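Asker: I'd like to ask some things about the structure below.
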Amino acid sequence: MSERPRPLVIAANWKMHKTAEDVGPFFQAFDREAPAPAGGIEVAFFPPFPLLSVVVGAVAHRADASTGGQDCHWEDEGPWTGEVSAPMIAATGAERVLIGHSERRLHFGETDERCRRKLRAALAAGLSPMLCVGETLEERDAGRARSVVLSQLSKAIDDLARAEYRRLSIAYEPVWAIGTGRTASPEDAQEMHEAIRGALASLATPELAAEIAVLYGGSVKPGNAADLLARPDVDGALVGGASLAPADFASILRAAHERPG
Ligand code: PGA
């Protein structure tokens with residue numbers, strides 16, 4: 001495991017689920033079921049904003065765990081009612097933030113340009129951004145999956161500094177696989193992850209590209225996690241539905257621990 005230049009990351013995207021009173025029972029159960037922290041494997045939690053501080057506290061005892069926001073604004077502060085900025089997220093003790101989740105792109109008008117600005121705001125605030133990219137079913141059927149994904153990637157992360165690339169992770173989430181029960185086949189996922197790694201090598205350097213974790217997301221469950229994680233360029237999972245149940249999420253984390261090689 002220590003041979004890998006990048007960590008495996010198993011991440012929970014709670015979306016708009018759970019309240020503060022759910023957090024204690026969730027982590028009691030998760031701690032019972034989850035494997036003990038091991039080098040090279042990280043677990044991340046992306047709860048709704050009101051739960052950030054609570055989750056930061058709840059995972060403080062786990063050396064492998066971090067917490068992040070599900071989105072951030074591109075400005076640090078200002079007259080933006082309803083928005084949350086990257087420095088505000090960092091001030092809770094959270095270390096990460098999701099940028100450009102497809103539900104933000106689809107329902108909230110998130111453009112590539114906004115993702116680009118948000119990603120830079122996250123880096124400036126000291127957060128580690130996880131950029132989400134992925135094609136719709138129409139785009140896949142039209143043979144445009146790769147060009148769409150690589151365009152989302154290059155528009156958001158060209159011209160970062162070396163140290164900034166080191167704080168980046170990517171989540172490839174085909175939109176047609178999110179919350180639908182349909183998963184990309186491990187072969188399809190590997191093919192896209194390899195393409196993403198190639199693009200990262202051109203945008204940054206091959207050495208930096210090898211250090212960036214590229215997660216897969218879209219209906220990851222205990223039953224399919226091991227197969228997906230067995231692919232060489234699949235460096236973890238961003239899990240929605242199955243991250244709400246502590247036993248299921250712990251079992252996906254276990255699959256990462258048991259990954260051969
Ligand atoms: P899902 O969601 O696991 O419920 O498909 C994944 C995501 O949207 O991050």
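Asker: Could you tell me the extents of segment 205-261's C-alpha atoms along the three principal axes, largest first, rounded to whole Å?
Answerer: In descending order, the Cα extents are 38, 22, 14 Å.
Asker: Take segment 70-196, compute every pairwise Cα distance, and split them into 5 Å bins from 0; I just need the percent in each bin.
Answerer: 2, 11, 21, 23, 18, 13, 8, 4, 1, 0
Asker: Kirkwood hydrodynamic radius (Cα pairs, Å) of segment 150-241?
Answerer: About 13.4 Å for segment 150-241.
Asker: Report relative contact order for the chain in percent, whole number only (criteria: Cα-Cα under 8 Å, sequence separation at least 6).
Answerer: Numbers: 535 pairs, mean separation 56.3, N = 261.
Relative contact order comes out at 22 percent.
Asker: At 0.36 nm per residue, minus the direct Cα-Cα distance, what do F108 and D159 gain on full extension? Give it in nm, one decimal, please. Don't skip to the answer; put the middle values down first.
Answerer: Working: separation 51, 0.36 × 51 = 18.36 nm, distance 2.61 nm.
Length difference between fully extended and current span is 15.7 nm.
Asker: Compute the signed sum of charges (Lys and Arg +1, Asp and Glu -1) over the other residues within less than 14 Å, Cβ to Cβ, of R62.
Answerer: Values: positive: R32; negative: D31, E33, E42, D64, E95.
Residues close to R62 contribute a combined charge of -4.
Asker: Quantify, in whole percent, the carbon and sulfur part of the accessible surface of segment 116-261 (1.4 Å probe; protein heavy atoms only).
Answerer: Numbers: 2760 of 5460 Å².
Reported share for carbon and sulfur atoms: 51 percent.
Asker: Restricting to DSSP H runs of at least four residues, report the calculated mean residue ellipticity at 222 nm for the chain, -39500 (n - 2.57) per run over all residues, nearest 500 deg cm²/dmol. Kindly include the intermediate steps, with their values, before the conclusion.
Answerer: On the way: 12 runs with 112 residues, N = 261.
Helix-only estimate at 222 nm: -12500 deg cm²/dmol.
Asker: Under 9 Å from the Cβ of Q152, count the other residues' Cβ atoms, weight Lys and Arg +1, Asp and Glu -1, and hand me the total. Each step should come with its number before you reach the end.
Answerer: Details: positive: R105, K155; negative: D112, E135.
Net local charge, Q152 excluded: 0.
Asker: For a Förster distance of 41 Å, can you work out the FRET efficiency between the beta-carbons of R32 and S185, rounded to the nearest 0.05? It would help to have the intermediate numbers written out before the result.
Answerer: Details: r = 33 Å, r/R0 = 0.80.
It comes to 0.80.
Asker: Going out from 0 in 5 Å bins, what whole percent of all Cα-Cα distances in segment 1-80 drops into each bin?
Answerer: 3, 13, 22, 22, 16, 11, 7, 4, 1, 0
Asker: Further question on the same structure: Which of F45, F30, F108 moves most in a GNM of the chain, Cα contacts under 10 Å?
Answerer: Looking only at F45, F30, F108, the biggest GNM fluctuation is shown by F108.
Asker: Just tell me which lysines come within less than 21 Å, Cα to Cα, of K155; anything on the same chain fewer than 8 places away is out.
Answerer: Correct list for K155: K118.
Asker: What share of all Cα pairs of the chain, in percent, falls into each consecutive 5 Å distance bin?
Answerer: 1, 6, 14, 19, 21, 18, 13, 6, 1, 0, 0
Asker: Kyte-Doolittle mean at least -1.0 and Cα extent at least 15 Å along the axis: which DSSP H helices of the chain qualify? Could you put the intermediate results ahead of the total?
Answerer: Details: long enough: 20-33 (21 Å, -0.56); 112-124 (18 Å, -1.03); 145-157 (18 Å, 0.75); 186-203 (25 Å, -0.38); 246-257 (16 Å, 0.39).
Counting only whole DSSP H runs, the qualifying helices are 20-33, 145-157, 186-203, 246-257.
Asker: A245 to S53: extension gain in nm, 0.36 nm per residue of separation minus the Cα-Cα distance?
Answerer: Details: separation 192, 0.36 × 192 = 69.12 nm, distance 2.02 nm.
This chain segment gains 67.1 nm when fully extended.
Asker: What lysines could a cross-link reach from K18, if we take a straight Cα to Cα line under 20 Å and drop same-chain neighbours fewer than 8 places away?
Answerer: K221
The values are calculated or read from the model by the stated rules, or taken from the named source; none is laboratory data. Note that the structure is a prediction, hence the values are computed from the model and not measured. Virtual Cβ from ideal backbone geometry, glycine too; neighbours counted across all protein chains shown. Accessible surface is based on the protein model in full, side chains and every heavy atom, while ligands, DNA and RNA are left aside. Shrake-Rupley method; radii C 1.70, N 1.55, O 1.52, S 1.80 Å.
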